[in-house]
1. Determine, for 106, 95, the number of other Cβ atoms within 10 Å of each Cβ, and report the residues in order from fewest to most.
2. Measuring from label point to label point, each 7 Å out along Cα→Cβ, what is the residue 20 to residue 105 span in nm?
3. Shape of the stretch 10-107 from its Cα gyration tensor (a ≥ b ≥ c, root eigenvalues): rounded if a/c is under 1.5, otherwise prolate when a/b > b/c, or oblate?
4. Could you put 63, 100 in order, starting from the residue whose Cβ has the fewest other Cβ atoms within 10 Å?
5. At a Förster radius of 25 Å, what calculated FRET efficiency corresponds to the Cβ-Cβ distance of residue 45 and residue 88, to the nearest 0.05?
């Protein structure tokens, strides 16, 4: 009797799944660190700019509201960072892909006819 050395499909899929899980874990750890860094910087932003406003209220009221420039410029960078971290960098889901494909079909006048080429 000859023994076959043919690998089971499940056995071949396990290392691939494990590699995918490791990649996802690395990405998740990276995103968690980025979120922690953002929250820390946001706290520094709030405390530092609050101190600038208090300084302006106590000492420089006759001048224009100069802390506004720092708050606005730094705040703009914080908004961009938050957008990249919480909004734009979110992975596209399968539902969103299907929805977009359906929208493209409808705009091309194809409707539900999925057999027609584009």
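1. Least crowded to most crowded, the residues run 95, 106.
2. Calculated label separation equals 2.4 nm.
3. Values: a/c = 7.24, a/b = 2.09, b/c = 3.46.
In terms of gyration-tensor shape, oblate.
4. Values: 63 8, 100 11.
Going from sparsest to densest Cβ surroundings: 63, 100.
5. 0.80
Every number in this text was worked out from the coordinates using simple rules, so none of it is lab data. Quick caveat, the model's predicted, so the values are computed rather than measured. Because the Cβ atoms are built from the backbone with ideal geometry, glycine has one as well, and the counts that use them run over all protein chains shown.
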